[in-house]
Amino acid sequence: MLLPVLTLLGLILFYKFMTYDRNYTWSKEYYFEVQKVMTGLDFEIGEPIKIDPNSIQLSTEKLIKLKIQKVLNRVNLMNYGSEHGEKIILNSTTSEQEIIFKGRCLSDHLIGIEIEYKNLDPSSLANIKRLFKKQFSNYEIIWNEIQ
């Protein structure tokens, strides 16, 4: 009696773990979302550049989910889709500040964000982090300082 209940509970929790973060931004629209964040700030926004999606750092939880989804795809229990990565380089027009927005996409959805930055003072960094967090509230953004 206990085993079927635990199995059912395990399946429900597994399903919840795999599907609770389905509020993704469309991969075709995130460039415009980045533009919204940077409006009013002195940054030039470059065009998206294709990069290897595996070069984009993700949270441990997201990596585990992607690996599980790939396994489920191999046994025909889930459609995984195709991955691609893009980066957008944002250069300050008044200083040596630089931000590199990296987006990891799965089919039509942005599934992960890594942002690298250089030469940002603490107050500017805090403001930019706040703006990106507000615009991409459904994401765990990975922030990395580059030299």
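The values are calculated or read from the model by the stated rules, or taken from the named source; none is laboratory data. Because the structure is predicted, anything quoted here is derived from the model rather than measured. Backbone-built Cβ (ideal geometry, glycine too); neighbour counts: all protein chains shown. Keep in mind that these areas ignore ligands, DNA and RNA; they rest on the heavy atoms of the full protein, side chains included. Shrake-Rupley method; radii C 1.70, N 1.55, O 1.52, S 1.80 Å.
General observations
- Search result, residues across region 105-140 that are surrounded by 15 or more Cβ atoms within 10 Å (Cβ to Cβ), charged (D, E, K, R) and at pLDDT below 95: none
- Residue in region 75-87 that is nearest to residue 55 (Cα to Cα), counting only those that are of a type outside the set (A, V, I, L, M) and surrounded by fewer than 10 Cβ atoms within 10 Å (Cβ to Cβ): 82
- Within region 20-61, the residues that satisfy the criterion of being assigned to a strand (DSSP E or B), open to solvent by 90 Å² or more (accessible area, probe 1.4 Å) and either of a type in the set (A, V, I, L, M, F, W, C) or more than 18 Å from residue 106 (Cβ to Cβ) (or both) are 26, 44.
- Selection status of residue 64, modelled with pLDDT under 95, out of contact with any Asp or Glu (no Cβ under 9 Å at 6 or more places or on another chain) and open to solvent by 60 Å² or more (accessible area, probe 1.4 Å): yes
- Region 118-136 residues that are of a type in the set (S, T, N, Q), paired with ones that are open to solvent by less than 50 Å² (accessible area, probe 1.4 Å) and part of a helix (DSSP H, G or I) (beta carbon under 6 Å, 6 or more apart): 135/33; 135/37
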